[in-house]
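Asker: Shown below is the structure under consideration.
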Amino acid sequence: MENIKIRSRVNGKDIESEVEPRKLLVHYIREDLGLTGTHVGCDTSNCGACTVLVDGKAVKSCTMLAVQADGREITTIEGLSRQGKLHPIQEAFLEKHGLQCGYCTSGMIMTSFWLLRKNRNPTEEEIRKNLSGNLCRCTGYQSIVDSITYASKLMRAHETEKEGIMVEQ
Amino acid sequence: MSSYFTRAKDDLAYNERVFVEGKGHFVDDIIKPGALHMSIVRSPYARAKILSIKGGMSSKDLGARMASVGEGAMEGKNSVIQPVFATGYVNYVGEAVAAVFADDRYKSEDMLDSVEVEYEPMKPVVSIEEALSSPPIHQGLRSNIISEGWRGKEFPDPASPIVLEDVFMNRRIATNPIEPRGIVADYDGKMLNVWISTQSVHSIKEGLCEALGLGPDSVRVMQADTGGAFGSKGGLYPEYVIASYAAMKYHRPVKWIETRMEHLSSTSHGRGAKGIVKIFAERSGRITGLKGEVIVDAGAYGAGMGEFASRFIATMMTGPYMIENAHVKSTSVLTNKVTLGPYRGAGRPEASFFIERMVDKLADELKVDPVDLRIINSSESKFRSPLGMEIDAARPFLDQAVKELDYRRKAKSTKNIGFSFFVLVPAFAPGETARVRVDGGKVSVWVGGNSHGQAHEVFVRKLVNEELGVPENLVTLYRGDTGMLKDGVGAWGSRSAMVGGAAVISACRKLKEEVTMKFGKYSVQSMLSGAFDVYVNEEQKGSLNSFGANLATVDIGKLGSVKVRECAAYYDVGRALNMDMVIGQIQGGMAQGIGQTLHEEMAFNEDGQLLTASISDAGVPLAEDIPNFEVKVAQNPSYLPHGAKGLGESPTIGVPTALARAIEKASGKRIRETPIRPEHIL
């Protein structure tokens, strides 16, 4: 089958590519764009290691075709920091040791971003429920829950400063 | 303007910097121009004769046999060595039959259909019982028993009034690190360069050299960032040999990344052990003797730790208790399943499950508190168990654990409570290697075993700082690389901070001597101004102990669903080199303990077909399944210079037994196996 031209905005940059129609979005992101921070863990859309934001919503990029990203805006883990500076969620995962091997981390952070966008001050129960699509085999989740709670605190503390809570500009 | 975004902390250890920004270097992130992607044609049958293979690379191209290396491997002693490609017969669902190569992963997966394999299915041997009663699955063997022996000495049945016997099972589970296995192999005409997700570059190198007949100077194995392992990435697998061979044959880099389904079918499973235990006891509660048998479902070949596991479990069957007489038979049997390997704990959780379940049963028989029974059977002084374990004085720790876990008060407020006690004997021997190099004002370190999530760099930087006075930000621990460290062991068996740490200290002290020799006296400035390079192989003999105890309380729903209300730990971790990392290890292991107890199983039907088809089916726990843990530690230093002890496997030993007891009490049903399904408790 012929390759198809897609245009999308990835981490704030407009990108035009030709992709095989059957290519998964995660492989397009990793292999065509070289953004290897997004990982593949399970192939069955259970583990969430491949989570990115599509038009601001958390999506498992192994469940979408690259061609479906045409005309859409994608944010990956690489797009979360700003000129070498960390987003508060990244800061919180460091501070509260929300990772061990680091493989699920990108997906955890992107899911957290979406959760904190919907709910600025989630309870522990809400956090655990919202992580049901992201698996971690190392931490036992407690430090991840702590990280997200801490991130919500950091983000709320900055809300009044109107410094651009949104990642997208 | 105060900053919403904060500066990345350059001074932090590697693991604390890169992963939150997605800047890790996992093996699938290594993209080599011109690389071939490899896919594997796998057996759809548990047992069959291969009549013909058309297409692909197969045993006629590569007739090599696997090498037994890594954790629990009986090097050079295995009775049934797996062929790299199935040869003549297939012996488990998922066994590698042929390999195909293409420019990308989509094309190589397409090519799988181009290989035609004709099979003649045979009746497989699936269970331990079938293995013992069926003819051998391999020609030339007399039975399916691949290892058999006894631990302890035969003794006449004591004249004790209480005799209890029971049978237990820990079913097979998959290790399921979130990063699957993977390799990139590249041959430059002289050197085979391998990047791999592993617990030991040294085991992989040794295995590749043996399987492919290569000299040690023509193979270099480098560890990529490793996204979890839990025992399954310590040894050699057929895909590594095939990818390396193909890289040499085609003179192109070859990449293979496991799919999750391949992980479930073709990466070693853990547990898979049956225990038959008989104990003799006085009315006082003192256990006077233990007789038993351990039978391990080793899978189709003698690789991994299948042969060794039964003997290892048998050795630990008396747990931390002072039981004077014990005699345990150990048997490993062949079945038509993927080989058995280590999974976090690797024999220790199985042994603990068998003895702890019996102690709880004895408590019920005598109608006494199970913790009092544990106290009665714990020794005030160190002793050698009749099965061969060196055990420190257990009683002082146990007394403290009862207080720290607030058992007495909690046992009054709920009957649905379980308490476990164990001793972790980590993989202490044979020690570990380290290299410390000073150059350009910086310190570079390599250790024989390296991180797959445990943050080795954190303790290495701390120990180098303590020994040499160098600021931590000038110290880098590099990933495992056989080109930079000539030999080493690996990261498993709760050993890294303990023996890896001891090796780093030894190397630092040697380096300090060299600096003193050169400059007359030691100073950090003089050392950093020079160039030094030291290597040590810090051997360790004997063994170390880490005691631990867990407490769990549960509620059981109408449909038999278990809600873990409370899960607490009190472990002796030796000197904690970094408390946050210690707590993280313990919490993560506790979640795995809950997983094994409630959810995780690799299930097979009577045809040997795997019924577990995704990471969710396999039962890896979700955040919702897991409570907040209460973790307390004792820091009784070991005799090592830095006082460290093993701790990584403690939670997978102690949690299942405490939880099983809590469920037993809550349901009124005797718990004899993991995972505990609703049908066991309704």
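Asker: Would you pick out the residues in segment B:494-552 that are closer than 24 Å to B:F230 by Cα and in contact with a Cys (Cβ under 9 Å, 6 or more places away or on another chain)?
Answerer: Passing the criteria: B:N550, B:L551, B:A552.
Asker: Given (1) surrounded by 20 or more Cβ atoms within 10 Å (Cβ to Cβ); (2) within 13 Å of chain B (Cβ to nearest Cβ), identify the lone condition not met by A:K85.
Answerer: Exception for A:K85: condition (1).
Asker: Considering segment B:220-252 alone, what residues qualify as being closer than 15 Å to B:W492 by Cα and either of a type in the set (D, E, K, R) or in a helix (DSSP H, G or I) (or both)?
Answerer: If the condition is that a residue be closer than 15 Å to B:W492 by Cα and either of a type in the set (D, E, K, R) or in a helix (DSSP H, G or I) (or both), then B:K233 is the only one that fits.
Asker: Further, regarding this structure: Residues being closer than 19 Å to A:V26 by Cβ and more than 7 Å from every other protein chain (Cβ to nearest Cβ): count how many of those fall in segment A:89-111.
Answerer: Of the residues in segment A:89-111, 4 are closer than 19 Å to A:V26 by Cβ and more than 7 Å from every other protein chain (Cβ to nearest Cβ).
Asker: Quick check on my filter: what residues within segment B:452-465 are on the phi < 0 side of the Ramachandran plot and within 8 Å of chain A (Cβ to nearest Cβ)?
Answerer: B:H452, B:Q454
Asker: Here's something else I'd like to know. So is A:K129 more than 22 Å from B:T175 (Cα to Cα), within 11 Å of chain B (Cβ to nearest Cβ) and out of contact with any Leu (no Cβ under 9 Å at 6 or more places or on another chain) or not?
Answerer: yes
Asker: Something else about it: Could you tell me whether any residue of segment B:176-188 is modelled with pLDDT under 95 and closer than 27 Å to B:L62 by Cα?
Answerer: No; the residues of segment B:176-188 include none that is modelled with pLDDT under 95 and closer than 27 Å to B:L62 by Cα.
Asker: Within segment B:456-483, how many residues turn out to be without any contact (Cβ under 8 Å) to a residue 12 or more places away in the chain and either outside any helix (DSSP H, G or I) or among the basic types (K, R) (or both)?
Answerer: Here the count works out to 1.
Asker: Can you name the residue in segment A:37-51 that is assigned to a loop (DSSP other than H, G, I, E, B) and hydroxyl-bearing (S, T, Y) and is also farthest from A:G79 (Cα to Cα) among such residues?
Answerer: A:T44
Asker: Next question, about the same structure. Go through B:I128, B:I183 for me and flag whichever is touching an Asp or Glu at 6+ places or on another chain (Cβ under 9 Å) and surrounded by fewer than 23 Cβ atoms within 10 Å (Cβ to Cβ).
Answerer: So the residue among B:I128, B:I183 that is touching an Asp or Glu at 6+ places or on another chain (Cβ under 9 Å) and surrounded by fewer than 23 Cβ atoms within 10 Å (Cβ to Cβ) is B:I128.
Asker: While we're looking at this one, here's another question. If A:E2 satisfies every condition in (1) assigned to a helix (DSSP H, G or I); (2) at pLDDT below 95 but one, which is the exception?
Answerer: (1)
Asker: Spot the failing condition for A:Y141; the list is (1) within 21 Å of A:K60 (Cα to Cα); (2) more than 10 Å from every other protein chain (Cβ to nearest Cβ); (3) free of Cβ contacts under 8 Å to residues at least 60 places away in the same chain, and only one is missed.
Answerer: A:Y141 satisfies every listed condition except (2).
Asker: Anything in segment A:19-49 that is at the interface with chain B (Cβ under 7 Å from one of its Cβ atoms), farther than 21 Å from B:A35 by Cβ and more than 12 Å from the chain's Cα centre (by Cα)? List them, or say none.
Answerer: Of everything in segment A:19-49, those that are at the interface with chain B (Cβ under 7 Å from one of its Cβ atoms), farther than 21 Å from B:A35 by Cβ and more than 12 Å from the chain's Cα centre (by Cα) turn out to be A:G41, A:C42, A:T44, A:N46, A:C47.
Asker: Follow-up. Identify, from the list B:A662, B:A634, B:A613, the residue that is more than 14 Å from every other protein chain (Cβ to nearest Cβ), within 24 Å of the chain's Cα centre (by Cα) and among the small types (G, A, S).
Answerer: Going through B:A662, B:A634, B:A613 in turn, the sole match is B:A634.
Asker: Related question: For segment B:13-36, name all the residues that are part of a loop (DSSP other than H, G, I, E, B), surrounded by 21 or more Cβ atoms within 10 Å (Cβ to Cβ) and more than 7 Å from chain A (Cβ to nearest Cβ).
Answerer: Answer for segment B:13-36, where residues must be part of a loop (DSSP other than H, G, I, E, B), surrounded by 21 or more Cβ atoms within 10 Å (Cβ to Cβ) and more than 7 Å from chain A (Cβ to nearest Cβ): just B:A13.
Asker: So A:A66 passes all but one of these: (1) within 16 Å of the chain's Cα centre (by Cα); (2) in the same structural domain as A:V19 (by TED's automatic domain parsing). Which condition number does it fail?
Answerer: Evaluating A:A66 over (1) within 16 Å of the chain's Cα centre (by Cα); (2) in the same structural domain as A:V19 (by TED's automatic domain parsing) leaves (1) as the failure.
Asker: Shifting gears a bit: For segment B:24-76, give me the residue count where each residue is closer than 27 Å to B:V489 by Cβ, of a type outside the set (D, E, K, R) and touching a residue at least 40 places away in the same chain (Cβ under 8 Å).
Answerer: 14
Asker: Does at least one position in segment A:58-65 carry a residue that is over 30 Å from B:T612 (Cβ atoms), in contact (Cβ under 8 Å) with a residue 40 or more places away in the chain, surrounded by fewer than 22 Cβ atoms within 10 Å (Cβ to Cβ) and touching a helix residue (DSSP H, G or I) at 6+ places or on another chain (Cβ under 6 Å)?
Answerer: no
Asker: A:T123 - would you say it is surrounded by fewer than 24 Cβ atoms within 10 Å (Cβ to Cβ) and either in contact with a Pro (Cβ under 9 Å, 6 or more places away or on another chain) or assigned by TED's automatic domain parsing to the domain that holds A:S17 (or both)?
Answerer: No: the conditions fail for A:T123.
Asker: May I ask you to say which residue of B:A497, B:A502, B:A455, B:A429 is surrounded by fewer than 19 Cβ atoms within 10 Å (Cβ to Cβ), within 25 Å of B:Y343 (Cα to Cα) and not charged (D, E, K, R)?
Answerer: After applying the criteria, what remains is B:A429.
Asker: Sticking with this structure for a sec: Answer yes if at least one residue in segment B:37-59 is buried (at least 16 other Cβ atoms within 10 Å of the Cβ) and at pLDDT below 95, and no otherwise.
Answerer: no
Asker: Report every pair of residues separated by at least 6 positions or lying on different chains whose Cβ atoms are under 8 Å apart, first residue within segment A:147-169 and at pLDDT below 55, second outside any helix (DSSP H, G or I) and acidic (D, E).
Answerer: Taking only residues 6 or more apart or on different chains, the pairs are A:E168/A:E73.
Asker: Could you check, for segment B:64-76, whether at least one of its residues is modelled with pLDDT of 95 or more and part of a loop (DSSP other than H, G, I, E, B)?
Answerer: no
Asker: I'm told B:I583 meets every condition in (1) modelled with pLDDT of 95 or more; (2) buried (at least 22 other Cβ atoms within 10 Å of the Cβ); (3) under 21 Å from the mean Cα position of the chain (by Cα) except one. Can you identify the failing condition by its number?
Answerer: Tallying (1) modelled with pLDDT of 95 or more; (2) buried (at least 22 other Cβ atoms within 10 Å of the Cβ); (3) under 21 Å from the mean Cα position of the chain (by Cα), B:I583 fails exactly one: (2).
The values are calculated or read from the model by the stated rules, or taken from the named source; none is laboratory data. These figures come from a predicted structure and were not determined experimentally. Quick reminder, even Gly has a Cβ in these numbers, built from the backbone with ideal geometry, and neighbours come from all protein chains shown.
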